[in-house]
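Undergrad: First the structure, which I've put down as structure tokens, then a few questions once you've had a look.
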Amino acid sequence: MSPFLHLALKVGSGLVLTYLVVVAATYVIATAMALPALVRLRRWQGSRHVDEAASAASTPPVTLVAPMYNEAAVCVEAVRALLGVDYSNKEILVVADGCTDGTVARLVQAFRLDPAARIPAESLPTKRVREVYRSRDRPNLWVVDKENGGKADALNVGINYCRTPLVCTLDGDSLLGRDAIQRAVRPFLEDATTVAVGGTIGIVNDCTVRHGRVTQVRMPRRWLPRFQVLEYVRAFSAARVGWDAGGATLIISGAFGVFRRDALVAVGGLREGLVGEDFELTLRLHRYHRERGLPYRIAFAPDAVSWTECPATLGVLGRQRDRWHRGGAEAVWLHRRMLFNPRYGRIGLVAMPVFLLVEILGPVAEMLGYVAVAVAWLTGALNPTLAGLLLLLAVALGVAQSIAAVALDEFAFRRYRSTGSLGLLLLLTVAENLGYRQLTVWWRLRGVWKFLRKDTSWGVMTRTGFSTAP
Amino acid sequence: MTAFHLVLVLLVGVTVCAGLFAATALLLHAWSARADARRAARTARWEPVLLDVLVGEADPAVFAEGFVRRHHGPALELAATYALRLDGESLTRLSAAMAPLLPRARALLHARRPDRRATAVRLLGFLGTDADRPALALALSDRSPLVAMAAARALARTQDAGYADALIAALGRFETWGTNAVASMLTLFGLPAAPALMRAFASADVPSATRIACAEALRRLGYLPAAGDAAAIAGAAGGVELRAAALRLLRDLGGPAEASAVRTLIESPSDVLRLHAVSALAAISQDPGDAARIEHALSDASPWVAQRAARGLIESGRVASLRALAGGAGQPHRVARQALAEAGLVASEPGSPS
């Protein structure tokens with residue numbers, strides 16, 4: 001073996017090892033920070049009743065904005081869910097984004113919608129609005145039918161037509177938990193500087209849905225959604241709680257976030273032409289407030305849950321993951337000025353660099369590791385025992401982190417209540433390493449490649465509809 | 001130690017940690033399931049007796065008989081969920097039933113954990129006696145702001161206006177809380193606290209956020225004598241939010257006597273003041289000149305002011321002029337159409353609203 005190759009392999013393996021240590025340290029710190037935060041949450045749950053807040057007549061009005069693009073299969077159930085949310089002071093604004101599958105017709109029929117006049121209160125630039133409808137039976141339900149312009153454009157229309165101080169952005173197929181808005185609004189009541197609050201996303205596949213409400217939470221029957229349940233538990237019950245405890249919430253999912261309307265207008269609404277508009281918006285809110293020295297808080301409410309259908313086929317999941325990854329890379333690139341910049345505090349110095357290193361470059365590093373092993377094996381420089389042990393160590397770290405997240409979820413939320421579900425979750429922490437994880441690495445690498453090629457396509461998400469109980 | 005040994009030690013360590021985490025998850029699961037089952041059994045046992053007490057079919061004294069000490073906390077928690085929804089005689093009976101258990105809540109007032117102290121003040125606020133109020137007032141200065149806030153709400157819930165001044169003086173601690181939440185809490189005192197609220201609202205020495213919360217509480221309480229002070233504050237130089245709060249109060253509690261103070265603000269350069277002035281003027285004045293001013297506001301540069309003007313015209317019964325306007329194509333016409341349609345007074349025609 002040439003001395004150059006030997007040196008390259010040595011440097012490469014050293015880098016991969018260092019990377020592994022950094023990633024493990026990040027996960028350990030985030031999980032360790034999540035634990036006291038969840039202990040606090042659980043303790044305070046006993047002395048802060050949601051019912052008490054609801055009866056206090058202090059709940060600020062909220063507009064639930066649900067953009068829909070070809071959601072005919074789930075739109076009626078989703079709107080019923082929004083109407084059934086326990087929050088008295090709400091208006092529902094469905095934005096049909098140039099639907100071609102009869103979404104609007106289904107809504108018109110199901111909710112007896114009539115054309116109505118409604119003047120936008122703001123003027124964020126958007127595609128043309130074709131018609132505004134209002135329900136005859138439910139005066140707080142509005143549907144805005146507009147030309148297709150993408151999710152960001154649809155949400156901007158929602159912001160323009162919103163008349164309440166708080167806006168809740170949702171996915172078209174979101175099923176909000178019964179008390180999700182009460183819980184998501186609480187940070188706004190407790191701290192007047194709060195500008196945005198993100199909630200937890202749960203997976204609704206194979207759960208029982210009745211009258212637009214998730215009445216029984218179950219693990220999905222198929223393996224692909226099951227793996228995603230574990231990923232969501234890891235993300236929402238551990239990682240985001242940990243980051244929030246450190247005052248560095250970086251992402252508010254587009255599927256469920258509550259924002260102060262004036263803050264959204266101040267930053268110019270959502271940016272169009274991006275695939276990760278929710279992440280970019282959160283970064284822009286941080287940037288806007290920090291650059292102007294304005295006091296603000298972006299929080300995460302782990303006990304506020306919105307349920308959504310996750311992809312059930314490899315094709316759709318792959319497209320979703322590469323889009324998410326592109327979105328993350330795109331947002332970090334757009335706000336690269338914040339990276340390592342003390343002006344942006346812990347967001348610029350810690351949260352964004354960690355996101356870049358662990359999330360965006362993670363699949364690249366993992367792939368480099370596989371390549372280094374292959375090259376070393378081909379050139380005879382591989383110590384198979386040591387390489388095998390290192391691989392096992394990397395897997396064990398991932399498994400330990402996942403199990404810790406499951407334990408945290410069990411401690412604070414217990415959404416999957418049966419012992420079988422818990423056993424399955426624990427099994428998945430190991431099983432996901434046998435193919436699923438490698439697939440996600442591949443999809444994320446594809447995302448990096450498409451980002452470098454400036455590809456901003458979304459792909460198609462196929463909905464199967466909820467399993468609705470009679 | 002070689003690299004091999006180092007990695008091996010790390011692997012064993014991480015695997016042991018993973019095993020411990022898994023065992024923790026399983027133990028938590030079993031413990032939580034058991035706790036749920038116990039809670040359900042306790043509730044099934046206690047609830048029928050509690051309901052009998054509430055409807056007067058059982059003596060309140062019987063409820064706490066035979067309770068072991070470890071059940072005092074859960075029983076109080078169950079009672080608190082009822083207390084939240086009860087008032088009057090039922091609440092009195094509930095408090096009487098829980099009286100033997102209250103020493104547990106009083107002991108928690110001195111707990112190290114702030115959530116326990118918050119639970120204690122919450123329980124004493126719902127179920128405590130007059131003797132517990134000084135302790136609640138003391139908790140207003142608790143080192144945890146969340147406990148202080150729970151104490152404030154508990155104290156307000158007692159409806160003992162004698163503590164209103166103490167609570168208003170402590171509001172500076174809750175400046176991060178939204179005005180609505182603070183006002184809602186102050187409203188719990190009821191009308192007897194209105195003079196104290198009015199004093200604070202009118203005092204220039206009180207922080208602006210507190211004055212705004214007091215104005216909001218007075219508005220919610222419907223305390224008519226506050227209108228005079230509100231007119232003076234709305235017309236005086238000062239913070240926009242405070243003057244807007246005064247205008248909101250005037251909208252609900254003012255009369256023609258205060259219209260002149262409001263009228264001057266219709267032309268204010270501040271959108272917020274114009275909006276609330278239009279709203280208040282529509283509510284308190286029947287003067288035709290004021291009606292013309294409100295109609296003029298339909299063309300206001302701020303869509304919020306324009307829409308509020310339209311709603312004001314409808315609320316004050318001036319629908320005819322709005323209907324006359326609804327036929328055209330400019331901003332005031334669109335605003336008129338929307339307001340009429342939303343009030344169910346005329347069906348709006350299809351067409352692009354933007």
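Undergrad: Of these, B:Ala246, B:Ala283, which one is surrounded by fewer than 24 Cβ atoms within 10 Å (Cβ to Cβ) and modelled with pLDDT of 90 or more?
TA: The unique qualifying residue is B:Ala283.
Undergrad: A follow-up question, please. Within segment B:85-110, can you find the residues that are within 11 Å of another protein chain (Cβ to nearest Cβ) and surrounded by fewer than 16 Cβ atoms within 10 Å (Cβ to Cβ)? Step through it out loud before you land on a result.
TA: To start, the set of residues in segment B:85-110 that are within 11 Å of another protein chain (Cβ to nearest Cβ) comprises B:85, B:108.
Matches in segment B:85-110: B:Arg85 only.
Undergrad: Has segment A:346-364 got at least one residue that is within 14 Å of another protein chain (Cβ to nearest Cβ), surrounded by fewer than 20 Cβ atoms within 10 Å (Cβ to Cβ) and not aromatic (Phe, Trp, Tyr)?
TA: no
Undergrad: Give segment B:233-247 a look and list any residue that's in a helix (DSSP H, G or I), closer than 12 Å to B:Leu273 by Cα and out of contact with any Asp or Glu (no Cβ under 7 Å at 6 or more places or on another chain), or say none.
TA: Within segment B:233-247, B:Ala234, B:Gly235, B:Val240, B:Glu241, B:Leu242, B:Arg243, B:Ala244, B:Ala246, B:Leu247 qualify.
Undergrad: Among the candidates A:Leu408, A:Leu382, A:Leu427, single out the residue that is under 30 Å from B:Ala35 (Cβ atoms), surrounded by 15 or more Cβ atoms within 10 Å (Cβ to Cβ) and within 14 Å of another protein chain (Cβ to nearest Cβ).
TA: A:Leu408
Undergrad: Listed residues B:Ala64, B:Ala18, B:Ala40; which is of a type outside the set (D, E, K, R) and either at pLDDT below 85 or in contact with a Phe, Trp or Tyr (Cβ under 7 Å, 6 or more places away or on another chain) (or both)?
TA: Testing whether each residue is of a type outside the set (D, E, K, R) and either at pLDDT below 85 or in contact with a Phe, Trp or Tyr (Cβ under 7 Å, 6 or more places away or on another chain) (or both) leaves just B:Ala64.
Undergrad: Could I ask something else about it? Restricting to segment B:167-189, give me the number of residues that are more than 14 Å from chain A (Cβ to nearest Cβ) and either among the basic types (Lys, Arg) or surrounded by fewer than 21 Cβ atoms within 10 Å (Cβ to Cβ) (or both). If you could, list the steps in order and put the result at the bottom.
TA: So the first thing to find is which residues in segment B:167-189 are more than 14 Å from chain A (Cβ to nearest Cβ), and the list is B:167-170.
Retained after the next criterion (residues that are either among the basic types (Lys, Arg) or surrounded by fewer than 21 Cβ atoms within 10 Å (Cβ to Cβ) (or both)): B:169-170.
Counting residues in segment B:167-189 that are more than 14 Å from chain A (Cβ to nearest Cβ) and either among the basic types (Lys, Arg) or surrounded by fewer than 21 Cβ atoms within 10 Å (Cβ to Cβ) (or both) gives 2.
Undergrad: Please enumerate the residues belonging to segment A:186-203 that are more than 10 Å from chain B (Cβ to nearest Cβ) and among the β-branched types (Val, Ile, Thr).
TA: Matches in segment A:186-203: A:Val195, A:Val197, A:Thr200, A:Ile201, A:Ile203.
Undergrad: Might you let me know whether segment B:126-136 holds any residue that is within 24 Å of A:Thr59 (Cα to Cα), of a type in the set (Lys, Arg) and either within 14 Å of chain A (Cβ to nearest Cβ) or surrounded by fewer than 24 Cβ atoms within 10 Å (Cβ to Cβ) (or both)?
TA: Initially, segment B:126-136 is screened for residues within 24 Å of A:Thr59 (Cα to Cα), giving B:126.
Subsequent filtering for residues that are of a type in the set (Lys, Arg) retains none.
Scanning segment B:126-136, I find no residue that is within 24 Å of A:Thr59 (Cα to Cα), of a type in the set (Lys, Arg) and either within 14 Å of chain A (Cβ to nearest Cβ) or surrounded by fewer than 24 Cβ atoms within 10 Å (Cβ to Cβ) (or both), so the answer is no.
Undergrad: On the basis of being crowded, with 24+ Cβ neighbours inside 10 Å, of a type in the set (Val, Ile, Thr) and away from chain B (no Cβ under 13 Å), does A:Ile181 make the cut?
TA: Spelling it out, A:Ile181 is indeed crowded, with 24+ Cβ neighbours inside 10 Å, of a type in the set (Val, Ile, Thr) and away from chain B (no Cβ under 13 Å).
Undergrad: Residues that are small (Gly, Ala, Ser): list the helices (runs of 4 or more DSSP H) wholly contained in segment A:222-307 that include at least 2 such residues.
TA: Because the criterion is at least 2 residues that are small (Gly, Ala, Ser), the helices (runs of 4 or more DSSP H) in segment A:222-307 that meet it are A:240-245, A:261-266.
Undergrad: Moving on. Working only within segment B:320-332, note down all residues that are surrounded by fewer than 18 Cβ atoms within 10 Å (Cβ to Cβ) and either more than 9 Å from chain A (Cβ to nearest Cβ) or touching a strand residue (DSSP E or B) at 6+ places or on another chain (Cβ under 6 Å) (or both).
TA: B:Ala320, B:Ser321, B:Arg323, B:Ala324, B:Gly327, B:Gly328, B:Ala329, B:Gly330
Undergrad: If you don't mind, there's one more thing I want to ask. Within segment A:103-142, track down each residue that is touching a residue at least 12 places away in the same chain (Cβ under 8 Å), over 30 Å from the mean Cα position of the chain (by Cα), within 10 Å of chain B (Cβ to nearest Cβ) and surrounded by fewer than 16 Cβ atoms within 10 Å (Cβ to Cβ).
TA: A:Asp114, A:Arg136, listed by residue number.
The values are calculated or read from the model by the stated rules, or taken from the named source; none is laboratory data. All values derive from a computational prediction rather than experimental measurement. As a convention, Cβ positions derive from the backbone with ideal geometry for all residues, glycine included, and neighbour counts pool all protein chains shown.
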